[in-house]
1. Take the residues in region 41-55 that are under 17 Å from Tyr292 (Cβ atoms) and part of a loop (DSSP other than H, G, I, E, B); name whichever of them is most open to solvent (accessible area, probe 1.4 Å).
2. Go through region 65-84 and count every residue that is assigned to a loop (DSSP other than H, G, I, E, B) and within 18 Å of the chain's Cα centre (by Cα).
3. Name the single residue that is farthest from Gln271 (Cα to Cα) among those in region 179-196 being free of Cβ contacts under 8 Å to residues at least 24 places away in the same chain and of a type in the set (A, V, I, L, M).
4. Can you tell me which residue is surrounded by the fewest Cβ atoms within 10 Å (Cβ to Cβ) among those in region 56-74 that are more than 27 Å from Gln30 (Cα to Cα) and at pLDDT 95 or above?
5. Among Leu87, Leu92, which is in a helix (DSSP H, G or I), in contact (Cβ under 8 Å) with a residue 24 or more places away in the chain, over 19 Å from Asn163 (Cβ atoms) and aliphatic (A, V, I, L, M)?
Amino acid sequence: YVTNHPNIIAASSYELSPSKLAAMTPNKLQSLLQPHFPPSTSSQSYELPNIQRRCELLKELGDGLMRNHDGSALSMISKANRSADALVRIILDSFPGFRDYVDTSDIPNTTSGWETAKSSPTVIHFYKRAQIAVADIWAALGRCQPEFTPFADSESSYKQLHNCCHFTDMNAVTTFPDYRVPQILRNVGVMKYASSLAKAVDDQVELEKSGLDEISIRAATVVAVEDLVQKVKEKLGSMAVMDDSAINRSKLDKLSEDVSAVTIDWYLWQQGEKLDRQNLLEPHHRVRTTYY
């Protein structure tokens, strides 16, 4: 919700405005989304799963924007000064529902709060949703050059958005460790599960939230994608060295610059979705969580 963009209605009647989000109810959320659900029948009506928690997170988003950022996502993004890493931190500080971390200490609840958790040596930080939010903002508003935007009729306004969202440190963002990326990494042999974990996943047994198995899968996913990024960059670099064409070398160098955990994640996700629709993937791990 960008309050001063001319192509977006910045009014209280806008259903996704911060004030409306802060007042969201399960019934209202269901009614807003109902037209996009599968058609109801006389015997069955689709209801959004876990709607109460989804509503709480939307209310938190609206409250956080109004309390911390003058009710404006653009104001929040501007505070990051074109840093993806900084924007992730701002989101985490503003909205508790994005604080996707696990305390691995032997004593439960040793972290006294968010400020302690941020620097605790026993805490593992994943931040999938906070990072993918930043990546989506970058992809939609900051990655392309302004002349290739859908807002040609409002060039100056879009350039303001592009300037705020053209993050200069996207390589600081990791892959988004949920279920699909580890699923395809396992499918192609990049990741291999211990026999007991493989059986649990293949039998579609629900894993413990924040348990060792889930932590291990998510952490291994982050490490594996970082390794893939380096391998792809090395491959492109060797291709550029061996190419006699200066134009081709320039294209390969530019392509290498665009390779990051974010772009590799996008590729893996798209391939995973395609293979899953074709029933060519083994099952993904299952866990009840709002952090995916």
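The values are calculated or read from the model by the stated rules, or taken from the named source; none is laboratory data. All values reported here derive from a predicted model rather than from experimental measurement. FYI the Cβ positions are ideal-geometry reconstructions off the backbone, even for glycines, and counts take in every protein chain you see. SASA here: full protein model, heavy atoms, side chains in, ligands and nucleic acids out. Shrake-Rupley method; radii C 1.70, N 1.55, O 1.52, S 1.80 Å.
1. Asn50
2. To start, the set of residues in region 65-84 that are assigned to a loop (DSSP other than H, G, I, E, B) comprises 69-72, 79-83.
From the residues that got through so far, the ones that are within 18 Å of the chain's Cα centre (by Cα) too are 80, 82-83.
Qualifying residue count for the region: 3.
3. Out of the qualifying residues, it is Ala194.
4. Of the residues in region 56-74, the ones more than 27 Å from Gln30 (Cα to Cα) are 68-70, 74.
So of that shortlist, the ones also at pLDDT 95 or above come out as 68-70.
Details: Asn68: 15, His69: 19, Asp70: 12.
Filtering first and then ranking leaves Asp70.
5. Working: Leu87 fails: over 19 Å from Asn163 (Cβ atoms).
After ruling out the rest, the residue left standing is Leu92.
A quick yes/no check of all residues on (1) in contact with a strand residue (DSSP E or B) (Cβ under 8 Å, 6 or more places away or on another chain); (2) among the hydrophobic types (A, V, I, L, M, F, W, C); (3) under 23 Å from Gly142 (Cα atoms):
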site	(1), (2), (3)
Leu61	no, yes, yes
Ala73	no, yes, yes
Ser78	no, no, yes
Asp85	no, no, yes
Arg89	no, no, yes
Tyr101	yes, no, no
Thr104	yes, no, no
